[in-house]
Amino acid sequence: MKSHSETEENYLKCILRHSPDDELVGTNTIAHDLNTSPASVSDMIRRLSDKQLVIYTKYKGVQLSKEGKKIALQIVRKHRLWEVFLVKKLNFSWDNVHDVAEQLEHIDSAELIKRIDAFLGFPKFDPHGDPIPTEEGIIIKRDTQLLTQVDSGDQVVITSVKRSDQDFLQYLDRLGLTINQSVTVKEKLSFDDSIILEVDQKTVVVNGLVANNLMVIKENA
């Protein structure tokens, strides 16, 4: 039996999401993310602290302990591998896998995850372009930047999305934009921060909100 609950795992994952480099995370940030009360967060932080999974600094916030981060990275690893499995093997769309993977990530079987990883060919990224932590908890770093930060004339590859909510991903589908797609920045419009792209010999216009949620890397970088 696991020594920590699904709720505890969700808290650890939430803290990792907001502190990838071990920054302190405030209780209000966690409460907003998990849609719960600050009082409930404080109670859970005390529980996780008693288990030595987090380190709490009074009036400043909380960060993961070494063991807490190890657990959180494995939860993320399972979630993203399940997303790949759902999309590649069960034909789920990329906008419809998150909630299912949220349930599957809590299955406590290291052997199952090893076999799924091998079955999928040891993927490095999930369907949204996020890196899948290795079994040792190592995350691939890429020199990416926001689409809004590149210059006109640059040819870039869309590597990932900052948002993975269903409405946003479905909107990208309507625009014909997806992960690992090569696009050319034809023009940037200062009036509303829109960007004109050339995609597969077609012109696509994305507004500033969309452009600010697309991560890219320069071609051949």
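The values are calculated or read from the model by the stated rules, or taken from the named source; none is laboratory data. Predicted model, so just to flag it, every value in this text is computed and none were measured. Heads up, the Cβs are rebuilt from the backbone with ideal geometry, glycines too, and the neighbour counts pull from every protein chain shown. With ligands, DNA and RNA removed, areas are computed over all heavy atoms of the protein, side chains included. Shrake-Rupley method; radii C 1.70, N 1.55, O 1.52, S 1.80 Å.
Residues are listed down the side, and each one gets a yes or a no for (1) surrounded by 15 or more Cβ atoms within 10 Å (Cβ to Cβ); (2) in contact (Cβ under 8 Å) with a residue 12 or more places away in the chain:
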site: 137; (1), (2): no, yes
site: 146; (1), (2): no, yes
site: 153; (1), (2): no, yes
site: 158; (1), (2): yes, yes
site: 174; (1), (2): no, no
site: 182; (1), (2): no, yes
site: 201; (1), (2): no, no
site: 204; (1), (2): yes, yes
site: 213; (1), (2): yes, yes
Q: Return yes when residue 129 is assigned to a loop (DSSP other than H, G, I, E, B), touching a helix residue (DSSP H, G or I) at 6+ places or on another chain (Cβ under 6 Å) and touching a residue at least 40 places away in the same chain (Cβ under 8 Å) and no when it is not.
A: no
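Taking residue 27 as the residue in question, decide whether it is crowded, with 18+ Cβ neighbours inside 10 Å, among the polar types (S, T, N, Q) and farther than 14 Å from residue 68 by Cβ. Full working, then the answer.
Numbers: crowded, with 18+ Cβ neighbours inside 10 Å: yes; among the polar types (S, T, N, Q): yes; farther than 14 Å from residue 68 by Cβ: yes.
The answer is yes for residue 27.
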Q | Selection status of residue 21, in a helix (DSSP H, G or I), free of Cβ contacts under 8 Å to residues at least 60 places away in the same chain and out of contact with any Lys or Arg (no Cβ under 7 Å at 6 or more places or on another chain) | A | no
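Name the single residue that is surrounded by the fewest Cβ atoms within 10 Å (Cβ to Cβ) among those in the range 87-113 being in a helix (DSSP H, G or I) and either over 21 Å from the mean Cα position of the chain (by Cα) or at positive phi (or both).
Out of the qualifying residues, it is 111.
When the residues of the range 189-199 are narrowed to those that are free of Cβ contacts under 8 Å to residues at least 40 places away in the same chain and surrounded by 10 or more Cβ atoms within 10 Å (Cβ to Cβ), which ends up farthest from residue 216 (Cα to Cα)?
Only one residue tops the list, namely 189.
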Q) Name the pairs: first residue in the range 102-114 and more than 14 Å from residue 84 (Cα to Cα), second residue in a helix (DSSP H, G or I) and not small (Gly, Ala, Ser), Cβ to Cβ under 7 Å, at least 6 apart or on different chains? A) 106/6; 106/9
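Please indicate, with yes or no, whether at least one residue in the range 49-65 is small (Gly, Ala, Ser), more than 27 Å from residue 132 (Cβ to Cβ), open to solvent by less than 70 Å² (accessible area, probe 1.4 Å) and part of a strand (DSSP E or B).
Step one: list which residues in the range 49-65 are small (Gly, Ala, Ser), which gives 49, 61, 65.
Those left that are additionally more than 27 Å from residue 132 (Cβ to Cβ): 49, 61.
After this cut, where a residue has to be open to solvent by less than 70 Å² (accessible area, probe 1.4 Å) as well, the list is 49, 61.
When the remaining residues are screened for being part of a strand (DSSP E or B), the result is 61.
Looking for residues that are small (Gly, Ala, Ser), more than 27 Å from residue 132 (Cβ to Cβ), open to solvent by less than 70 Å² (accessible area, probe 1.4 Å) and part of a strand (DSSP E or B), one finds at least one in the range 49-65, hence yes.
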